[in-house]
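The values are calculated or read from the model by the stated rules, or taken from the named source; none is laboratory data. Here the structure is a predicted model, which means the values were calculated and not measured. Cβ sites come from the backbone with ideal geometry, for glycine too, and all protein chains shown count toward neighbours.
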Amino acid sequence: MKLSRIIANTGEWLSGAGPHDQIVVSSRVRLARNLKGKPFPGWAKKAERVAVLEEIRTAVEQLPEMEESFSEKLDDLSSLEKQVLVERHLISREHAAKGAGSAVVMNTSQTLSFMINEEDHLRMQAIRAGLQLDQVFAMINQTDSELEDTLDFAFHNDLGYLTACPTNVGTGMRASAMMHLPGLVMSEQVNKIINSVNKIGLAVRGLHGEGTEAMGNLFQVSNQTTLGETEEEIIGRLNKVIFQILEHEQNARQILLQQRAETLLDQIGRAYGILCHAHSITSKEALNLLSFIKMGVDLGLFPSNNRLHVDELFIETQPAHLQKGLQVTKLGAEERDSLRAALIRAKLKQMPEPEIGKIPTNGSSTTSTSSTSETSEES
Amino acid sequence: MFCDVCKSKEATVFLTQIVEGKMQKVNLCEGCSKEKGVNDPTGFALADLLLGLGAAQEIDKNPAGNRCPVCGFSQADFKKTGRLGCSACYDAFAEGLSGMLKNMHRGSIHTGKVPAKLRVGRLRNKEMTELQASLQKAVQEEQFEEAATLRDRIRKLEEESHAEAILSQEPSAEVNRIASITQSLGTVEPAQALGVPKPRKQS
Ligand SMILES: [Zn+2]
Ligand SMILES: [Zn+2]
């Protein structure tokens, strides 16, 4: 199957639905595995890497869940194609930089992807929309068990699955959720949350950029440790923290609505205004403004059937996605900025202005009280 | 902002590095940055600094030698990249790594998934360790009846694991040779084929 056919469709993790998907964009679990007795990719000679690649690729392609799949060596993909896969979170930035001896395999719904010869011989991930780490783990765990029949993974009696970096040894598992946290950023609570989560062996990181400078207010919450706990224990701890962050975000939004409704409406209104009329916009500005629009949809200021348009813009405005449909080889930054602005204008045209009256602000609650009193006077 | 290492002095050196594909920030005070060799880019082990402070120093203490006997990876390579060369490196650098792993993780023994192929043997090993401890205790307490039961159980486990080891072995050249002889014998009586005179029937 051709890559262009796969990336013509939005991945399931973006277009699909899942629990709490307004705030938890996606859940992902990645497992790192290495073949027994073979040097890790970073230390292996090219011939050894190629042999490992062939062995793993054959095993992966034969999985029943990979019947409809895309499989390609990295040196047969253009840099633009690789970048598109990075922007979709299907391969890592490090993997995209690899050449001969590395490959990527993924299914058509883009829920499963396999990086062969990244830092480890195999890194496989499952990703789905919303908060469903348990289901996503079950998916990738099943795949791992199937692969065990044909592949001998490096496993140590005390240390578990062996990985190139000691930070991944044990379960070899990195579970994460991508969260949209504009409320916590606006109320300046996000750094406090990041610090406390980091103290309990989990990590919160900006998806692009750090702390309050995280672009698009998107954060990734993940486990830091992989040794000494079962996969289920790690995911259980992570789930608990994600729920807490989720509640903090909902609270923060509630408080903003009650105490700073004007600021909130102003931000969303300005974001809408700029995005509807800009003719040149950087990726950073676009993501930050889109974050307000996304929150506006959550708050009911925009019809909910616009949700997917907005979510897609987060990905579609990324540099490689902007250029993927074009024949030109490479656009300059300025050309990209104007192309991005045009794309956003076109998409937002289908979206009505924010309906300020829909928001339960202080202002509107006063209005409703006064109207009630009027009604009572009349009767 | 305080220094991440001593957590007491004001940080003046700010580092951002990509680790595991993610940005990591480290803030250090003047003193700690010098001590960690941050100003000397060649001596600066990032994985060490970020992931288990002092790990590179610990691995230096490893008396087993500087290189992994299987893949030839050296401690200097590890210091530089924060990655190991092969699975055997974990044993080659075990002593130095153990402190690092302890700092990095929540435990030092894997308790999660085990590949199905290894599961039976692993359970048996665990049982064996427990049985041996109980046996020792029983002997010390002079509970010989119990000790005898435990000893029998241990023998049985040993036999099981021995039998499984034989079964899981690739058929060796010797076994194949015997198999091919047996096949070539066909319907001829074995003794005849091997040139052993047939016992004369008593008439
Ligand atoms: Zn310091
Ligand atoms: Zn090695």
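So the values come out like this:
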quantity	calculated
Pairs with Cβ under 6 Å, 6+ apart, first in the range A:228-247 and at the interface with another protein chain (Cβ under 8 Å from one of its Cβ atoms), second among the hydroxyl-bearing types (Ser, Thr, Tyr)	A:230/B:111; A:231/A:171
Long-range neighbours under 8 Å by Cβ, at least six apart or interchain, first residue among the β-branched types (Val, Ile, Thr) within the range B:111-138, second surrounded by 14 or more Cβ atoms within 10 Å (Cβ to Cβ) and outside any helix (DSSP H, G or I)	B:111/A:228; B:111/A:229; B:111/A:230; B:114/A:155; B:114/A:160
Hits in the range A:3-36 - residues which are away from every other protein chain (no Cβ under 14 Å) and aliphatic (A, V, I, L, M)	A:3, A:6, A:7, A:8, A:14, A:17, A:23, A:24, A:25
Filter result for the condition that a residue is touching a Phe, Trp or Tyr at 6+ places or on another chain (Cβ under 8 Å) and either more than 8 Å from chain B (Cβ to nearest Cβ) or in a helix (DSSP H, G or I) (or both), over A:204, A:197, A:221, A:185	A:204
Candidates A:324, A:347, filtered to the one that is in contact with a helix residue (DSSP H, G or I) (Cβ under 6 Å, 6 or more places away or on another chain), at pLDDT below 90 and within 16 Å of residue A:10 (Cα to Cα)	A:324
Residue count for the range A:147-168, restricted to those that are more than 7 Å from chain B (Cβ to nearest Cβ), part of a loop (DSSP other than H, G, I, E, B) and within 20 Å of residue B:73 (Cβ to Cβ)	1
Extreme residue, modelled with the highest pLDDT, among residues of the range B:45-104 that are within 10 Å of ligand 2 (Cβ to nearest atom) and acidic (Asp, Glu)	B:91
Scope the range A:52-69; condition more than 17 Å from residue A:115 (Cβ to Cβ) and of a type outside the set (D, E, K, R); matching residues	A:62, A:64
From the options A:258, A:267, residue that is surrounded by 16 or more Cβ atoms within 10 Å (Cβ to Cβ) and in a helix (DSSP H, G or I)	A:267
Which numbered condition residue A:42 fails, given (1) surrounded by fewer than 20 Cβ atoms within 10 Å (Cβ to Cβ); (2) not in a loop (DSSP other than H, G, I, E, B)	(2)
Subset tally (residues that are in a loop (DSSP other than H, G, I, E, B) and free of Cβ contacts under 8 Å to residues at least 40 places away in the same chain) for the range A:82-97	3
Answer from B:133, B:173, B:163 - the residue that is away from ligand 2 (no atom under 16 Å from the Cβ), modelled with pLDDT of 85 or more and over 23 Å from residue B:70 (Cβ atoms)	B:133
Residues of the range B:76-96 classified as closer than 15 Å to residue A:40 by Cβ and either more than 12 Å from the chain's Cα centre (by Cα) or among the hydroxyl-bearing types (Ser, Thr, Tyr) (or both), total	10
Qualifying residue in the range A:79-102 (condition: closer than 24 Å to residue A:5 by Cβ, crowded, with 18+ Cβ neighbours inside 10 Å and at pLDDT 95 or above)	yes
Any pair with Cβ under 8 angstrom, 6 or more apart, that starts in the range A:330-350 at a residue that is among the acidic types (Asp, Glu) and ends at one that is surrounded by 18 or more Cβ atoms within 10 Å (Cβ to Cβ)	A:337/A:281
Hey, residue A:19 surrounded by fewer than 20 Cβ atoms within 10 Å (Cβ to Cβ) and within 28 Å of residue A:294 (Cα to Cα) or not	yes
